[in-house]
Amino acid sequence: MGILAWIIFGLIVGAIAKLLMPGEQGGGWIVTIILGIIGALVGGFIAGALGIGDDGNPWDFGTIAISVVGAIIVILIYGALTRRR
């Protein structure tokens, strides 16, 4: 699967993560979706390494679930680093 497919998958998963996150996240929705792409890519590769994915195919439930979790974690880390004190 090409990098373009992973980016499209990341956009979808990032949007899902944005919808599932409680409260407001700083940076707007574009930053949140970019962070979702990063989290989805990380989560997708972790799923593949754990044998959850199917040879790099992101379109199964296990890979989608772990990618959403990865995207939420990346969004939370970004929020913690950029929070105003």
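The values are calculated or read from the model by the stated rules, or taken from the named source; none is laboratory data. Everything numeric in this text was worked out from a predicted model, so none of it was measured. Note that we place each Cβ from the backbone using ideal geometry, even for glycine, and neighbour counts take in every protein chain shown.
Here are some notes:
- Looking only at segment 22-36, residues that are at pLDDT 75 or above and within 13 Å of Y78 (Cα to Cα) come to 4 in all.
- Only listed residue being modelled with pLDDT of 75 or more and either within 15 Å of G10 (Cβ to Cβ) or surrounded by 12 or more Cβ atoms within 10 Å (Cβ to Cβ) (or both), chosen from I52, I75: I75
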